[in-house]
Structure formats: C-alpha cells, structure tokens
Amino acid sequence: MLKVPFSAMTVESAFVDSLLQAMTLAEKIGQLNLATPGGETLTGSTVNTGVREKVRTGRIGSIFGIKSLEVIRTFQDDAMQSRLKIPLMFAEDVIHGQKTIFPLPLALAASWDPALWEQTARVAAIEASAMGIDQVYAPVVDVCRDPRWGRMAESPGEDTVLASRYAEAVVRGFQGADLSAPDATMACLKHFAAYGAAQAGRDYAGADMSPATFQDVYLPPFLAGIAAGAGSMMAAFNTLNGVPMHMHQGLIAGLLRGRIGFEGLVVSDYTGVNELIEHNVAADRAEAARRALAAGVDFDMVGESYLDTLEAAVTSGLVDVGLIDAACRRVLLAKVRLGLFEDPYRRMRKDPAAVVLGADFRALARRAVAETSVLLKNENGVLPLARTGTVALVGALGDDRMNLNGTWAVSGRPADVVTIRQGMEAINSVTVKVARGANLVDDADLANRLNVHDWGTLSVTIDERSPDELIAEAVATAEGSDVVVAVVGEAREYSGESSSRTDLKLSLNQRRLVAALKATGKPLVLVVMAGRTLVMPDEIEAADAVLLAWFGGTETGHGLADVLFGATSPSGRLPVTLPHTEGQLPLVYGDLPTGRPFNGAFKKFLTGYLDVPVGRSHVDGLLPFGHGLTYGRFRYGPVRIASHVAAVGQPIEASVMLSNEGEREASEVVQLYVSPPPGPVSRPRRRLADFQKVHLKPGESREVRFVVPVSALSRSNAQTLDDLARVVDHGTYGVFIGPDAWTGNGATVEVPVETASYGGGK
Ligand code: BGC
C-alpha cells in the first residue's frame, strides 16, 4: 500500500473548502496559472509578460525562475494586494544544488549512496528555501538507457531499482520531516512518464513500449517518490504510445490519482499544454487547455491557455467547473502544506548570503566528487599519483571554471567553482604545468549553440592557435613532466535539455591529443567530464588510468585532487552500461534473451553485429553497469543463501564475505542481481534487486547480508499501461552478488509457488 500524502488533512481541507467558496471562477483559474517573468537563465523559449499586474489581480498562482530573494519578496507583496491575498508559491529548477552545486544527477546516481543523495538534496533545499523557493522541480527520475539523449545528465541512469532508491532519498532530503518548515521545499518528480525513452535519444520524441516495460522499468521510480511523500509531479513533453502525456487521462487521472492515490499537484512542463497543438491533438489553445485539465494537469506552465480560455469554456458548458475546483483545491492544499497561508514570507526571513556555500556544504560537495567519480581503468598502479614531481595538466577543462558545474545549475555561479588546476595547485609539493591541448569543439557554429546560456564569459571558446600547435604545446609540456593528466570530454551544454547527440565520441582534436600524449610514453591519466556516457574505446585503451568524473560542481577541483593524489579512494560505479559504439544504443545490462544468443564470437545466424570486435563488448557494451575500481582490492566470498527454498511470504536472505586485500581503505558497492527461472514470458536476463556501499580498511573483512523480499522477484503482468498487476513466477532463480552486472558469483533459490499481487495503490 502506498503512503499517500495529505490524506489526514481534515482541518486544512476545511480551510481550503471555505476559501474555494469565496473565490470567483476567474480567481480559481488564476491559481492554475504558473508563470515566469524570465531572467538570467531561460529554460524555455518564451516568457510571460505583465506578471506583476496578473499577480495583483489574482491571475497567477505560482512563479518560477526568479534568482533574487528581493525580487521574490516584491512579487509576494504584489500577491498580498490581491483581493483574497492568496500567497504565491515560488519554484525553481534545483537539479543538483542551488548555490553549492553538487555533481550532476547522473553522477550522484554513480555514488550508489542513498545517504549522500539525501544529504545533497537537504543542502539544496536549505539553500533554495533561504532564497525564497518553496518548490523545486526535481528530482528527475526518468530511467534512461540511451546516452544520445542529453538529459541523461539529469537522470539517475538505466536501472529501475537504483532510480527508485534515488527518488525516495532525494524526496526525503528536499522535503524533510515537515514540509511547512522554513527550510523544506516541495519535491516535484519528473517527467511523468517515460520521457527518458525518447525514440533514438532525440529530446521530446515519443516513447513506444509495452505495458510491462512501462510498469517494470519506467513507472517504479515515480511510485517510490510518491511513497516517500513527494508533493508534486511534472508531466512529460513526450507522447507515450501515441498519447501526449499532457493529456493522458489514463495515466494521470486514472493511474496516478485514481489507482495509486496520488493527491499532490501535477504541473505541466514549459508550454506543455500549448504543445498539444503541435502534437496535432488539439486544434487551438482552448482545446489544448480542456484536454490537459481533463487529464489532471493542475498548473499550466507559461502557456496561459488555462488563464485565457477556461472561463469561456465553463460558461459555454464545455468544461465542468468541478475539474477547475479540483485542480485549484490541489494548488491551495500545496500552499497550505508549505505553510504559506500561515506566513507567506516564511522562506524569506533569512539572509541567503549567510546560508549558501557554507564550509560544511562545500565539504559535502567535495566528498561527493570522490563518491561519484568512476575509476574505469587503473593499470601499472598509475593512480593514485605521487604527491611530488611535475604533473602536466592538459585539456581545455583543466583550467576552466565555466563548464564544471555542468548543465542545469541555473543558480550556480562559475565564480564559486574550484578549478582542477586550483585543486591540484593546492597540493604544495606538486608542480603543475598547464597546456590547453585541444579545444572542446572546433566548429564555431557548434560553439555558438553551446554558449546558449552565456552572456559575459563564454563556456566554449576556440583558441586561435591551430589544433596542431595546441597539441605540440601539450606534448612538450608532457615531455617535461613526470605524469600527464588529460582532462577531456564535453562542454557543459553539450549534454542537457535538447542536447541530443548522434556521435558520442570525443571531438576529433581531443582524440588526436590523447593519441599524441600516449606517444610520449609518459604515464597517462584521462579524466573524462561529460553528462552522459561517451564512446571512447580507443582512448580507454591508450590511457593507463581513466577516471569518469562527469561534471562535479562547485568543489570539482578539490574533490578530483583528493582522488588523483590518493587522499581518498574513488567510489563511484557506473549507473549506465558503457557502450562500445553508438550503434549498440539503446543499451541495458538486463535485456531480454534472444533465441540465438551470442556466444563470445561472431557467428552467422547468432545475435550480434558484423562490425563490433568479438568479446563481451560485442553485445553487452564495453564496461558493465555497476563497474568501477578503487584503490582497495576487494575479494568476494561465495554467495550464501539462508534457505534455498523460499517460504511463502518470507524474504530471501543472501550474504557474501567481502575482504579488502589491498593496501588502502576504500568503499565497495556490493550489488545483488537476480535472474529468472523459465516462465510464461521472456524476462530480462538479470535485474538489480539490492545494493550496499561498504567501507573497509586494508585487511578488513565483513559479511554483507541482504534481505530481499520475494516481491523483488516480481514482474509486471500488465495488459494495459495503467495495470498494476504483478506476479512472482515459480521456479529456480539465480542470485548473484558481486561488483557489477556481469558478476558470475551466484547461487540459486527456489520459489515453489507462483504468487500474484497488486502493485500498490488504493
Ligand atoms: C524542462 C523542465 C523544467 C522546466 C522549467 C523545461 O524545459 O523540461 O524539466 O522544470 O523547463 O524550467
């Protein structure tokens, strides 16, 4: 049974009922209008006009995108001049931090650390609320299996269980124990639903999938976030099996509200209601508004079609006023929960400067860099680096502060970022020599597109020297140094919204740079910064060590220096499979088996590709989901199962002995996967069921125990998208415990009887 927020709010309900009675139809519709006056960082192509006047006349319920507390305060003053003095709620995209920017959400997922997710969200809420923000448009819980989609940067990756844990931890962090607390912010799960399954990774494209895939893969993170008490949800831009999510009655009104019992707010995405016209399902804004309202979308973001058309639609009998009452009720209840009727200024009473970017927040951000960095390869003990001698720091990102916050850090300032150069130079015993080596991109048109959010300093610049000159300088710098650290990857906006890519390789001159550095014979460490997985088999092959550092935010420089010079061990693990080539996409570790399985070498009439080298990477990608090395050396004992026959209703208990046989303390992410028995339908070959992050000193051993409910073995039995039916097939399951999705360390457990269940809801 899902825990439903609001259900016990009888006093608040009575208050809202009486307020609704006092409201005119126009005022009720006004509450459904969600506006942005625009500002520093635009997150859509249009903004609202006449916002102040609309607030004073009760025609706006919420505002987002204001970066200044003083301005927020004046808008609330305007709302206090309206007839009923209904407070505004203020929202913002707080995707991976407000002022203290943490690593990208995809990177945070790579920490596999629910405590870190909760702590970083808590800090984000403390900072955002001190700047007057009531609601955050996060977390993004869209499962994503295709790095061509630029919003993979915001997503928790390819796995449903990892994404679900992430969802619940972040909701807890944002909302705290009491949503009315001045430092709590309402979470908004987004984007409902299946946005991450955009066809061919092209942003805003439709998703097409079976009911079982929807229920098993894309829906559960939303259910987990709702169960954790998330107060709101955002509709997705995409169609799902042909139906635009902004008018999906079956999934919003039917499944979300009806069967699951979600009583929170549903927010449209930016002009998402109006886009029903472009989707070719509405003739005009009036029809778009009617459809979205009927589906259960409460807030109309930026488009103002509710504001402009609903009153006439009620008068002419096309819209039942009950729908407007219900939506308005949810808006007002959200404001009640946030404590805004008690004190409309409750999140405006602190001095933000005294709250944001505190030393402890920075310390958390610094630790997060180590927790999220994934060590893909480390040969010849090249890492950690000696804290003496000369390091060649090569690459356009090595001495950069404009890109390191990554995409969707709308309030984060590059000026607050610690660069990689600064982080390294803080280690006094090391000499750092810097060379640019290669531009991030060499195409001026592309650079312009990537500089979309920059007015002063540009994030993407093209050095006027030729690519050959840049490489020659880097090679000379490398030759005069003991070791090379080459920081390569994407520009900040090369991933993010509408930043889909078809070619996921490093830019040509960055690839040439890596090859030239390799040819110097110096030890070569690649630090890769990106908002998605890149395709880089040759560069991984060439380097002695590869650290996938994503974009690390405010404390990138210190955090990476900690990892590179061994103050701490990297403890990230891939939250996505690393592809060998773009042609394999979309890619996931647990796909369905074929009738002609690959057997390690290309063979005619077996599944696979003619043009991908043999080996595991041939079909499964270059490196598995869950992979990541540390400076410790972990050994797994065999999997032990408490009872090889699962008793009805009893969980499965499984354990391994884990030892750190290395010289350094480190964290291991112990992962438990299950594989299904023969059954009535084909199922994924393997699925993550649980994980634990365990820290061990050198020479230490610990028994790592898992208690897995039998429901974790269940699969959807859905016949339609909104069907929550689940079943646990009987038979013998594989239980694998190891360091990644390819582990062979397994045992079996038998489930003697099939059990059917209803997957939550009222
Ligand atoms: C994005 C949302 C975001 C909204 C408001 C849209 O373009 O899809 O994730 O919350 O803009 O900035």
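Just so it is clear, none of the values below were taken in a lab; they were calculated from the coordinates. Note that the coordinates shown come from a computational prediction; the quantities given were computed from them, not determined experimentally. As a convention, Cβ positions derive from the backbone with ideal geometry for all residues, glycine included, and neighbour counts pool all protein chains shown.
Quote the FRET efficiency, to the nearest 0.05, computed for D482 versus R705 with a Förster distance R0 of 25 Å and r equal to the Cβ-Cβ distance.
Values: r = 45 Å, r/R0 = 1.78.
Efficiency computed from Cβ-Cβ geometry: 0.05.
Any idea what angle helix 321-337 forms with the longest principal axis of the chain, computed on alpha-carbon atoms, 0 to 90 degrees, nearest 10?
Orientation of helix 321-337: about 60 degrees from the principal axis.
Can you give the net charge of the other residues whose Cβ lies under 12 Å from the Cβ of E275, counting K and R as +1 and D and E as -1?
Details: positive: R285, R291; negative: D269, E278, D300.
Surrounding charge for E275 is -1.
Using amide H atoms built in the peptide plane, which far-off residues or other-chain residues are under 5 Å from L578 H to H?
L622, L623, F625
Multiply the residue gap between V648 and V681 by 0.36 nm, knock off their C-alpha separation, and tell me the result in nm, one decimal place. Before the final figure, lay out the partial values.
Details: separation 33, 0.36 × 33 = 11.88 nm, distance 2.22 nm.
Gain on extension, V648 to V681, equals 9.7 nm.
Calculate the length of the line joining the C-alpha centroid of the range 363-380 to that of the range 574-606, in whole Å.
A separation of 28 Å, based on Cα centres.
Within 12 Å, Cβ to Cβ, of G97, how many net charges do the neighbouring residues add up to if Lys/Arg are +1 and Asp/Glu are -1?
Details: positive: K99, R122, R362, R413; negative: E92, D93, E127, D416, E555.
Once positives and negatives cancel, what remains is -1.
Using each residue's phi in the range 172-178, evaluate 6.51 cos²θ - 1.76 cosθ + 1.60 at θ = phi - 60° and report the 3J(HN,Hα) Karplus result to the nearest Hz, with x for Gly and Pro.
With coefficients 6.51, -1.76 and 1.60, one gets 4, x, 5, 8, x, 7, 9 Hz.
Return the calculated 222 nm mean residue ellipticity for the chain, to the nearest 500 deg cm²/dmol, obtained by summing -39500 (n - 2.57) across DSSP H runs with n ≥ 4 and dividing by the residue count.
Numbers: 21 runs with 202 residues, N = 762.
About -7500 deg cm²/dmol.
Going through the cross-link list K28/K335; K522/K697; K67/K99; K54/K190, which pairs have a Cα-Cα distance over 20 Å in this structure?
K522/K697; K54/K190, as the Cα separations exceed 20 Å there.
For the range 199-253, what number results from the quotient of the Cα radius of gyration and 2.2 N^0.38 Å?
Details: Rg = 11.9 Å, N = 55, 2.2 N^0.38 = 10.1 Å.
Its radius of gyration relative to the 2.2 N^0.38 Å reference: 1.18.
How much FRET efficiency would the formula 1/(1 + (r/R0)^6) give for F605 and S13, where r is the Cβ-Cβ distance and R0 is 56 Å, rounded to 0.05?
Values: r = 65 Å, r/R0 = 1.15.
After rounding, the FRET efficiency stands at 0.30.
Under 5 Å between amide hydrogens, which residues at least 5 positions from F565 or on another chain qualify, with H placed 1.01 Å from N in the peptide plane?
Residues meeting the amide H criterion: L385.
For K377, what residues show an amide H to amide H distance below 5 Å, using hydrogens built from the backbone and excluding near sequence neighbours?
Amide H to amide H, under 5 Å and 5 or more residues apart or across chains, K377 pairs with V546.
Of all GluC sites (Glu not before Pro) in the range 37-78, which ones are in loop regions per DSSP and have a Cβ with at most 12 other Cβ atoms within 10 Å? Provide the component values of the computation, followed by the final result.
Numbers: sites: E40, E53, E70; in loops: E40.
Of the GluC sites (Glu not before Pro), the ones in loops of the range 37-78 whose Cβ has at most 12 other Cβ atoms within 10 Å are E40.
Please sort 225-238, 625-638 by packing, taking for each peptide the average over its residues of neighbouring beta carbons within 10 angstrom, highest first.
Details: 225-238: 25.1, 625-638: 20.2.
Packing proxy ranking, top to bottom: 225-238, 625-638.
Relative contact order of the chain, please, whole-number percent, based on alpha carbon pairs below 8 angstrom and at least 6 residues apart. Each step should come with its number before you reach the end.
Values: 1912 pairs, mean separation 105.1, N = 762.
About 14 percent, as a whole number.
Within the set of other residues whose C-beta is less than 13 Å from the C-beta of A396, count the net charge using Lys and Arg as +1 and Asp and Glu as -1. Don't skip to the end; give the middle numbers.
Details: positive: R401, R421, R436, R465, R492; negative: D399, D400, D442, D463, E473, E490.
Residues near A396 contribute -1 overall.
Contour minus end-to-end for V321 and R635, with contour as 0.36 nm per residue of separation and end-to-end as the Cα-Cα distance?
Working: separation 314, 0.36 × 314 = 113.04 nm, distance 6.44 nm.
Extra length from V321 to R635 when fully extended: 106.6 nm.
For the range 217-373, what's the relative contact order in percent, using C-alpha pairs closer than 8 Å and at least 6 residues apart?
Working: 162 pairs, mean separation 29.7, N = 157.
Computed over the range 217-373, the figure is 19 percent.
Report, to the nearest 10°, how far helix 508-519 tilts away from the longest principal axis of the Cα atoms in the chain, using its own Cα long axis and a range of 0 to 90°.
Computed tilt is about 30 degrees.
Kindly work out what percent of the DSSP beta bridges joining two residues of the chain are antiparallel, to the nearest 5. Present the calculation step by step, with values, prior to reporting the outcome.
Details: 47 of 87 bridges.
In the chain, approximately 55 percent of DSSP beta bridges are antiparallel ones.
Please compute the contact order of the range 121-235 in relative form: average sequence separation of alpha-carbon pairs under 8 Å and at least six residues apart, divided by the residue count, as a percent.
Details: 232 pairs, mean separation 40.5, N = 115.
35 percent.
Note the angle between two axes, namely the Cα long axis of helix 10-22 and the longest principal axis of the Cα atoms of the chain, as a number of degrees from 0 to 90, rounded to the nearest 10.
Between the helix axis and the principal axis of the chain, the angle is about 50 degrees.
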